[in-house]
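The values are calculated or read from the model by the stated rules, or taken from the named source; none is laboratory data. Note that the structure is predicted; figures quoted are calculated from it, not measured. Every residue, glycine as well, gets a Cβ built from its backbone with ideal geometry; the counts of neighbours run over all protein chains shown. These area figures cover heavy atoms from the full protein model, side chains too; ligands, DNA and RNA do not enter into them. Shrake-Rupley method; radii C 1.70, N 1.55, O 1.52, S 1.80 Å.
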Amino acid sequence: TVIEAMAHGIPLIAPDVGGVSELVDGTTGWLVTNINETGEYLSAIDELATDPEKGLLRATAALARVRERHSFHAFESMLDAVPGYLD
């Protein structure tokens, strides 16, 4: 779901669970580290609401990260790097 939202240019506020922090950080969205407290979510929502330009910049960076890491080209490149996989 995180990758899908990023791929569609949606500004993202996401909890730091699983591998989310590998994609979402202060340049690609808002990563909520204290997932059981509402304050960090609310602060991120307020920041996004009061500075939509920041949301656009982070969403654009998120889209670039998804294209870099999760595109078909990235997948092919990763397979090419595995010795003997495509032989």
(message) Charges at C-beta only: +1 for Lys and Arg, -1 for Asp and Glu. How large is the resulting dipole of the chain about its Cα centre, in Debye rounded to 20?
(response) 160
(message) Can you give me the accessible area per residue for the chain, using a 1.4 Å probe, in Å²?
(response) 67
(request) Go from 0 up to the bin containing the longest alpha carbon distance in the chain, width 5 Å each, and give me the % of pairs per bin. (result) 3, 15, 22, 20, 15, 9, 6, 5, 3, 2, 0
(request) With no solvent and one equal point scatterer per Cα, compute the Debye intensity ratio I(q)/I(0) for the range 7-46 at 0.15, 0.17, 0.18 Å⁻¹ and report its log10, rounded to two decimals. (result) -0.31, -0.40, -0.45
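Counting only helical runs of four or more DSSP H residues, what would the 222 nm mean residue ellipticity of the chain come to if each run contributes -39,500 (n - 2.57) and the total is spread over all its residues? Intermediate results must be reported in sequence, preceding the final value.
Values: 4 runs with 47 residues, N = 87.
Using -39500 (n - 2.57) per qualifying helix, the result is -16500 deg cm²/dmol.
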(message) Below 8 Å between Cα atoms, with a sequence gap of 6+, how large is the relative contact order for the chain in percent?
(response) 30
(request) Pop the C-beta distance of ILE10 and LEU79 into the FRET formula with R0 = 22 Å and round what comes out to the nearest 0.05. (result) 0.15
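For the chain, give the percent of accessible area contributed by carbon and sulfur heavy atoms, probe 1.4 Å, rounded to a whole number.
Numbers: 3390 of 5810 Å².
The C+S portion of the solvent-accessible surface of the chain is 58 percent.
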